[in-house]
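The values are calculated or read from the model by the stated rules, or taken from the named source; none is laboratory data. Note that the structure is a prediction, hence the values are computed from the model and not measured. As a convention, Cβ positions derive from the backbone with ideal geometry for all residues, glycine included, and neighbour counts pool all protein chains shown. Accessible surface is based on the protein model in full, side chains and every heavy atom, while ligands, DNA and RNA are left aside. Shrake-Rupley method; radii C 1.70, N 1.55, O 1.52, S 1.80 Å.
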Amino acid sequence: MTTANIQHLITELRTDQQRLWESLMEMARIGATPKGGVNRQAFTELDRQSRELFIEWCRAEGCSIRIDAIGNIFARREGQDSSSPAVLTGSHLDSQPTGGKFDGVYGVMAGLEVIRTLNESDIQTLAPIEVVAWSNEEGCRFAPCMMGSGVFTGQLKLEEMLARTDEDGVSAGQALEAIGYRGTDHVTPENIKAFFECHIEQGPILEDTGNTVGVVVGALGQKWFDLTLTGLEAHAGPTPMALRRDAMLGAAEITQAINRIAKTYQPHGRGTVGVMQLHPGSRNVIPGQVKMTVDMRHFDSNTLEKMAAELRVAVEETRQRHGLEAELVATADFAPEHFADTCVGAVRRAAEMLDCSHMDIVSGAGHDAIFMGRITQAGMIFVPCENGISHNEIENATPSDLHDGCNVLLHAMLEQAGVSEE
């Protein structure tokens with residue numbers, strides 16, 4: 001076959017929409033919930049079943065399988081040069097307790113569909129291609145999230161993660177042993193050329209703008225805090241308003257300040273109070289203490305620092321105004337991730353070649369690609385999900401959108417892996 005013929009074949013190459021959809025629906029039967037979602041939490045029997053099915057499918061395509069000590073599964077399709085750095089793709093198979101059918105698993109099934117398409121068309125890449133199913137991305141049973149990719153990239157320590165326990169006191173290591181997926185293969189990140197992750201957007205932007213593909217340029221940085229405000233509980237009736245030390249009033253003002261700060265730094269500013277606990281929690285007692293969480297995000301590190309500084313000022317001013325004590329403790333600090341121009345460009349060029357409507361987008365959520373971007377070139381591909389809903393049993397995406405995203409993945413990976421002319 002001539003070079004021109006090979007190039008034409010590659011340009012016209014498409015994945016199989018029906019096959020991709022059927023794989024997603026078959027996987028969704030594992031841990032299916034009454035409302036149409038899945039409950040497939042990490043290191044459970046249902047997680048084991050999803051892993052077994054994925055491995056079965058990969059072996060049927062001639063892939064070799066490696067499983068590392070945290071349970072990450074690597075399915076490898078060899079290239080013409082087996083020593084060449086591999087091009088990876090993947091995401092996760094585990095879910096939230098009331099999760100959807102597409103979050104995470106779409107990225108794994110899209111990678112498998114890429115391999116199936118290459119095998120079907122008898123196309124050999126120069127570099128190897130691998131599909132990875134990362135362990136415990138959700139972090140709902142064993143904290144933290146993105147555990148598997150965090151250990152693989154050296155951001156998290158293996159032994160510390162294996163020691164993490166669930167609500168029943170079972171450690172992650174014990175749970176992995178129980179399902180037979182505490183692997184012994186030594187898989188290192190040194191020989192990787194690039195990593196791509198396909199994912200539903202988990203937000204409403206693509207749907208709202210009428211775009212099919214999100215070219216993900218990076219992910220928001222995050223700063224998390226625990227805030228405790230202490231005043232004085234007192235009887236709601238006899239205590240005049242001017243003489244109160246109402247911790248809840250302080251919490252309400254700080255919540256408004258967080259919202260104001262986030263709106264000041266648009267379009268990427270985010271500010272959320274997700275948890276608030278009042279003490280003593282009685283109808284006719286002025287709250288003497290409030291414990292609350294703060295989540296602040298931005299795409300620019302300096303701006304995120306400004307937001308955190310303004311939060312501290314707001315807490316101090318509120319504390320003084322209401323006669324409260326305040327303790328603000330930082331609990332997480334993730335720098336913004338800017339994905340490699342090479343991978344972002346490959347995704348954009350693939351979308352343009354395939355005539356998919358697309359836009360640059362920043363991920364507001366955490367993904368395994370963020371950790372991978374710290375050790376190699378990385379990029380992501382978003383496709384719309386209905387009404388932006390995710391982490392919910394009613395999560396939905398259309399077969400055609402999922403297919404378009406998979407085709408973008410195929411051509412972005414081919415650009416990085418190269419194609420043999422032999």
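How many residues does region 146-167 contain that are buried (at least 18 other Cβ atoms within 10 Å of the Cβ) and under 24 Å from Ile375 (Cβ atoms)? Total meeting the criteria: 12. Restricting Ala247, Ala242, Ala251 to residues that are surrounded by fewer than 20 Cβ atoms within 10 Å (Cβ to Cβ) and farther than 30 Å from Thr125 by Cβ narrows the list to Ala242. Selection over region 4-21 of residues that are within 12 Å of Leu414 (Cβ to Cβ) and either touching a strand residue (DSSP E or B) at 6+ places or on another chain (Cβ under 8 Å) or small (Gly, Ala, Ser) (or both) gives a count of 2. One residue stands out in region 331-358 among those that are under 30 Å from Asp226 (Cα atoms) and of a type in the set (A, V, I, L, M): the one that is least open to solvent (accessible area, probe 1.4 Å), namely Ala332. A search for C-beta distances below 6 Å between a residue of region 222-250 that is over 16 Å from Val285 (Cα atoms) and any residue that is of a type in the set (Asp, Glu) and buried (at least 16 other Cβ atoms within 10 Å of the Cβ), counting only pairs 6+ apart in sequence or on different chains, returns Trp224/Asp295.
For region 1-25, the tally of residues that are loosely packed, with under 15 Cβ neighbours inside 10 Å and under 22 Å from the mean Cα position of the chain (by Cα) stands at 1.
Restricting attention to region 124-141 and to residues that are farther than 19 Å from Asp94 by Cα and among the polar types (S, T, N, Q), the residue that is least open to solvent (accessible area, probe 1.4 Å) turns out to be Thr125. Taking (1) open to solvent by less than 60 Å² (accessible area, probe 1.4 Å); (2) within 26 Å of Lys306 (Cβ to Cβ); (3) aliphatic (A, V, I, L, M); (4) without any contact (Cβ under 8 Å) to a residue 40 or more places away in the chain in turn, Val170 satisfies each apart from (2). If you go through region 202-224 one residue at a time, do you hit one that is acidic (Asp, Glu) and under 30 Å from Ala308 (Cβ atoms)? Yes, region 202-224 contains at least one residue that is acidic (Asp, Glu) and under 30 Å from Ala308 (Cβ atoms). Put simply, of Leu88, Leu93, Leu112 the only residue that is out of contact with any Leu (no Cβ under 6 Å at 6 or more places or on another chain), under 14 Å from Gly405 (Cα atoms) and not acidic (Asp, Glu) is Leu112. Of all the numbered requirements in (1) small (Gly, Ala, Ser); (2) touching a strand residue (DSSP E or B) at 6+ places or on another chain (Cβ under 9 Å); (3) surrounded by fewer than 24 Cβ atoms within 10 Å (Cβ to Cβ), Ser121 misses one, and that requirement is (2). The sole residue among Leu402, Leu410, Leu311, Leu324 that is open to solvent by less than 10 Å² (accessible area, probe 1.4 Å), within 18 Å of Glu130 (Cα to Cα), in contact (Cβ under 8 Å) with a residue 60 or more places away in the chain and not charged (D, E, K, R) is Leu410. The set of residues in region 206-232 being under 19 Å from Ile254 (Cα atoms) and charged (D, E, K, R) consists of Lys223, Asp226.
Selection of region 355-412 for residues being part of a strand (DSSP E or B) and either touching a helix residue (DSSP H, G or I) at 6+ places or on another chain (Cβ under 9 Å) or of a type in the set (Phe, Trp, Tyr) (or both) yields His358, Met359, Asp360, Ile361, Ser363, Gln377, Ala378, Gly379, Met380, Ile381, Phe382, Val383.
Restricting attention to region 245-280, the residues that are within 23 Å of the chain's Cα centre (by Cα) and in a helix (DSSP H, G or I) add up to 1.
Does any residue of region 295-306 turn out to be farther than 27 Å from Ala236 by Cβ, part of a loop (DSSP other than H, G, I, E, B), modelled with pLDDT of 95 or more and open to solvent by less than 70 Å² (accessible area, probe 1.4 Å)?
Let us first name the residues in region 295-306 that are farther than 27 Å from Ala236 by Cβ, namely 295-306.
Still in the running and part of a loop (DSSP other than H, G, I, E, B): 299-300.
Remaining after also requiring modelled with pLDDT of 95 or more: 299-300.
Now drop any that are not open to solvent by less than 70 Å² (accessible area, probe 1.4 Å), which leaves 299-300.
Yes - at least one qualifying residue is present in region 295-306.
Restricting attention to region 66-96, the residues that are open to solvent by 10 Å² or more (accessible area, probe 1.4 Å) and under 16 Å from the mean Cα position of the chain (by Cα) add up to 1. Any idea which residue in region 364-387 is surrounded by the fewest Cβ atoms within 10 Å (Cβ to Cβ), counting only those that are modelled with pLDDT of 95 or more, closer than 14 Å to Cys198 by Cα and small (Gly, Ala, Ser)? That would be Ala378. Taken over region 2-47, the criterion of being more than 29 Å from Asn72 (Cα to Cα) and hydrophobic (A, V, I, L, M, F, W, C) is satisfied by Ala4, Ile6, Leu9, Ile10, Leu13.
Say whether the condition of being under 21 Å from the mean Cα position of the chain (by Cα) and modelled with pLDDT of 95 or more is met by at least one residue in region 178-191. No, there is no match, as no residue in region 178-191 is under 21 Å from the mean Cα position of the chain (by Cα) and modelled with pLDDT of 95 or more.
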